[in-house]
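Q: First, the structure itself, so that you have it in front of you.
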Amino acid sequence: EAGVTQFPSHSVIEKGQTVTLRCDPISGHDNLYWYRRVMGKEIKFLLHFVKESKQDESGMPNNRFLAERTGGTYSTLKVQPAELEDSGVYFCASSQERQGPADTQYFGPGTRLTVL
Amino acid sequence: GENVEQHPSTLSVQEGDSAVIKCTYSDSASNYFPWYKQELGKGPQLIIDIRSNVGEKKDQRIAVTLNKTAKHFSLHITETQPEDSAVYFCAASQPRVGNYKLTFGKGTLLTVNP
């Protein structure tokens, strides 16, 4: 079974540009999460989807970040316009009760975003 | 909200020795504590977890202990091997229907020297 996949693996953009990150969760997982790790700090929660609905977006830093999960399958996270402090590694995770406790989260490899 | 502190930030051991990483959490309502291992270029991988109804859990060379009174939990790796070298993250959450977000510690870089 394929794990969580993320695209791209790396992205380098200039301040003010737009970037869209994509996450494909494990097939059948209703819960999808976005996290971010800024250099040297902890991995921080951004938001949580249940199917196509945003369940909790309390970790989103500001309105320059927009997450979507149309159809309840893959998700995108758009940063527009990007700022220097947005640099970091963005992780996606998914979970599903049928394959273990609903809180057991499986992480993707991450997208390393560098804003110059 | 929950806050998780993790120590040490770096740990270097000789192959065959044991390694211990400790975490404390602030919210007494937290009841799920996973540990993740992140190797270079990969995402965090769940290696073991513990729930608040048990005090210890083992899986081969890895064990986790939980002290709910003191609000701390620890990862123990015995007979360390070079392939155990990685960044380890502890996390805490209060799983309830519709909300399973994890609060992470800052990570421990473990280096196992051959």
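Q: Label B:Asn113 and B:Asp17 with points 7 Å out from Cα along Cα→Cβ: what is the distance between them in nm?
A: About 0.8 nm, to one decimal.
Q: Could you work out which residue, out of B:Gly43, B:Gly55, B:Gly16, moves most in a Gaussian network model of chain B, that is, has the largest mean-square fluctuation with Cα springs under 10 Å?
A: B:Gly43
Q: Taking the radius of gyration and the Kirkwood hydrodynamic radius from Cα positions alone, what is the Rg/Rh ratio for chain B, to two decimal places?
A: Over the Cα atoms of chain B, Rg/Rh equals 0.96.
Q: Fewest to most neighbouring Cβ within 10 Å: what's the order for A:Leu116, B:Leu40, B:Leu109?
A: Least to most surrounded, the residues fall as B:Leu40, A:Leu116, B:Leu109.
Q: Going 7 Å from the Cα of B:Asn67 along its beta-carbon direction, which residues of region B:1-25 have the amide nitrogen within less than 19 Å of the resulting point?
A: Only B:3-9, B:19-25 fall inside the zone, counting backbone N under 19 Å.
Q: Same structure, new question: Rank the residues A:Thr5, B:Thr80 as a footprinting-exposure proxy: fewest other Cβ atoms within 10 Å of their Cβ go first.
A: With the sparsest Cβ surroundings first, the list reads A:Thr5, B:Thr80.
Q: Across peptide B:83-92, how many C-beta atoms of other chains are within 10 Å of each residue C-beta, on average?
A: 1
Q: Over the whole of A:40-49, what's the average partner chain Cβ count within 10 Å per residue? Rounded to a whole number, please.
A: Other-chain Cβ atoms within 10 Å of each residue's Cβ, averaged: 5.
Q: Kindly count the pairs of lysines across chain A whose alpha carbons are less than 21 Å apart, treating pairs on different chains or eight or more residues apart as eligible.
A: 5
Q: Report the dimensions of chain A along its three principal axes from the alpha-carbon atoms, largest first, rounded to Å.
A: Taking max minus min along each principal axis of the Cα atoms, chain A gives 42, 23, 22 Å.
Q: Could you let me know the centre-to-centre spacing of region B:1-45 and region B:68-87, using Cα atoms, in angstrom?
A: Distance between centres, Cα-based: 7 Å.
Q: I need A:Met39, A:Met60 ordered by Cβ neighbour count within 10 Å, fewest first.
A: Lowest count first: A:Met39, A:Met60.
Every number here is computed from the coordinates shown, using simple stated rules; none is lab data. Because the structure is predicted, anything quoted here is derived from the model rather than measured. We place every Cβ from the backbone using ideal geometry, glycine too, and count neighbours over all the protein chains shown.
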